[in-house]
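Each remark here refers to the structure printed beneath this line.
The values are calculated or read from the model by the stated rules, or taken from the named source; none is laboratory data. Quick caveat: nothing in here was measured; it's all calculated off a predicted structure. Please note: Cβ atoms are built from the backbone with ideal geometry, for glycine as well, and neighbour counts cover all protein chains shown.
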There are 2 protein chains.
Amino acid sequence: MTVKTKGRPRGFDADEALDRAIEVFWEHGYEGASLTDLTSAMGINRPSMYAAYGNKEELFRRAVARYAEHDMAYAREALAEPTAYQVIERFLRANADALTRADRPAGCLSIQGGLAGGSDNGEVAQFLAASRLGGERALSGRLARAVEEGDLPAGTDPAALARYVMTVSEGNAVHAAAGVDRASLHATVDLAMRAVPRSPEAP
Amino acid sequence: MTVKTKGRPRGFDADEALDRAIEVFWEHGYEGASLTDLTSAMGINRPSMYAAYGNKEELFRRAVARYAEHDMAYAREALAEPTAYQVIERFLRANADALTRADRPAGCLSIQGGLAGGSDNGEVAQFLAASRLGGERALSGRLARAVEEGDLPAGTDPAALARYVMTVSEGNAVHAAAGVDRASLHATVDLAMRAVPRSPEAP
DNA sequence: GTCATTCCATACCGAGCGATACAAAAATAC
DNA sequence: GTATTTTTGTATCGCTCGGTATGGAATGAC
């Protein structure tokens, strides 16, 4: 459904350029990524960026949204596993792999992007925190279903378990950003899984 | 042991000023903290800062060193607990409290300070990573002793367990920076402790 | 007292920041 | 073809950044 355009056509693919921007933000954080870094990586110049995305912050929000949809697709896929234990393990394993992909910066954009409120009043950090919380809520909902299904022991707090899983995931992201290798992250997952409760009658 | 001075005496306490700088770096990160922010919080002006600390990066390193010595003293104290399980629990509990102190910014300086390599080539991020690794090594050494003493099951990998504990600690720091309250962090510690092995003959 | 030394206050530097003004270039509409 | 619309390239804006030059203020040495 290409809309019939009038003026000069855009000389770049907006999504491909966004992927380049993702990597720059990922590597340098929101504040550390300058417009010169971004536009040169995207292969466009400043006015094209402003026309296509608005401004730097909007570009970042678009980048995070695309990152959540593509680079973190494994998180949604993990929710489809049949048992809570399998959901959690698949998520943490895929996460450990994603944090150490050779063709991407180490770590996780939604954490490296910016934890502290920089020059702005922490708007970027809050946006990222909200984005992460969305994932935690989705996992919590899936685990609540597992409790109902008897897949997790009765009395298990789904929100607390989801928060624990995300905590391990975020800690692994911090480690990955510091250069820890994939095998070590999986060793951490090995240990972390020992804390995940399993129902007695579960397979 | 006050050294006999010659010229005009310094009009501020270097350590107190450092404490103010710690909070600014903690809240805004290394890049987000401007010299104007820093010096006005420290109650001094720029030339005094440069005379006393060298430059912004040196000020940051001094701040992190003081932070590690004072604000993270609980980590060293935890190592003195008699058993590995108690070492780990005391560390994670004290950590959860420290991450949510009312009189300090939420979270942890050594993580909020900067995860991604900003304008510099990630020197600050690497410095912080090395600082965190120091803590992990200290814990690993303590846990290795616990294995020797039979306090942890034979075959336990002390480095892996130490890394797991630090991962939980860092994940909690990310959550704390996002505004998660103290009780929730302790609930995560409750779960995390389930993964810590205990020797059968341990008390 | 005078001198030497150190610290503090103001005012400023070049550089890089995010963001834009403007006109040439490239497409469609007619 | 001409008119219209949109994108692109260049050159630049005002601003803030980290860092500093300079001269006066405050102390010890003598």
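Below are the figures for this structure:
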quantity: Of residues in the range A:84-100 being aliphatic (A, V, I, L, M) and assigned to a helix (DSSP H, G or I), the one surrounded by the fewest Cβ atoms within 10 Å (Cβ to Cβ); calculated: A:Ala94
quantity: Of residues in the range B:155-203 being within 22 Å of B:Ser140 (Cβ to Cβ) and among the charged types (D, E, K, R), the one surrounded by the fewest Cβ atoms within 10 Å (Cβ to Cβ); calculated: B:Arg194
quantity: Members of the range A:101-152 found to be in a loop (DSSP other than H, G, I, E, B), more than 12 Å from chain B (Cβ to nearest Cβ) and crowded, with 21+ Cβ neighbours inside 10 Å, listed by number; calculated: A:Asp151, A:Leu152
quantity: Residue check for B:Ala52: within 14 Å of DNA strand C (Cβ to nearest atom), farther than 30 Å from B:Ala144 by Cβ and modelled with pLDDT of 95 or more; calculated: yes
quantity: Filtered residues of the range A:121-133 (kept if without any contact (Cβ under 8 Å) to a residue 12 or more places away in the chain and on the phi < 0 side of the Ramachandran plot); calculated: A:Asn121, A:Ala125, A:Gln126, A:Ala129, A:Ala130, A:Leu133
quantity: Qualifying residue in the range A:65-80 (condition: farther than 30 Å from B:Trp26 by Cα, in contact with a helix residue (DSSP H, G or I) (Cβ under 8 Å, 6 or more places away or on another chain), within 16 Å of DNA strand C (Cβ to nearest atom) and small (Gly, Ala, Ser)); calculated: no
quantity: Test result for B:Tyr53, of a type in the set (Ser, Thr, Tyr), surrounded by 17 or more Cβ atoms within 10 Å (Cβ to Cβ) and within 16 Å of DNA strand D (Cβ to nearest atom); calculated: yes
quantity: Pick from the range B:1-22, criterion within 29 Å of A:Gln126 (Cα to Cα) and away from DNA strand D (no atom under 13 Å from the Cβ), ranking: nearest to the other protein chains (Cβ to nearest Cβ); calculated: B:Ile22
quantity: Test: B:Gly155 is part of a loop (DSSP other than H, G, I, E, B) and either in contact with a Cys (Cβ under 9 Å, 6 or more places away or on another chain) or free of Cβ contacts under 8 Å to residues at least 12 places away in the same chain (or both); calculated: yes
quantity: Any hit, the range A:162-182, residues being facing another protein chain (nearest Cβ under 8 Å), among the hydrophobic types (A, V, I, L, M, F, W, C) and more than 16 Å from B:Met166 (Cβ to Cβ); calculated: yes
quantity: Any hit, the range A:38-54, residues being part of a loop (DSSP other than H, G, I, E, B), outside the structural domain of A:Gly113 (by TED's automatic domain parsing) and touching a residue at least 12 places away in the same chain (Cβ under 8 Å); calculated: yes
quantity: Sole residue being without any contact (Cβ under 8 Å) to a residue 24 or more places away in the chain, under 30 Å from B:Ala195 (Cα atoms) and assigned to a helix (DSSP H, G or I), chosen from B:Glu69, B:Glu58, B:Glu81; calculated: B:Glu69
quantity: Candidate set from the range A:3-49 (those that are away from DNA strand C (no atom under 11 Å from the Cβ) and among the β-branched types (Val, Ile, Thr)); member that is farthest from the chain's Cα centre (by Cα); calculated: A:Ile44
quantity: Selection from the range A:23-44 of residues that are over 14 Å from A:Gly114 (Cβ atoms) and either within 15 Å of DNA strand D (Cβ to nearest atom) or crowded, with 24+ Cβ neighbours inside 10 Å (or both); calculated: A:Ser34, A:Leu35, A:Thr36, A:Asp37, A:Leu38, A:Thr39, A:Ser40, A:Ala41, A:Met42, A:Gly43, A:Ile44
quantity: Any chance A:Ile22 is assigned to a loop (DSSP other than H, G, I, E, B), of a type outside the set (S, T, N, Q) and not assigned by TED's automatic domain parsing to the domain that holds A:Ala94; calculated: no
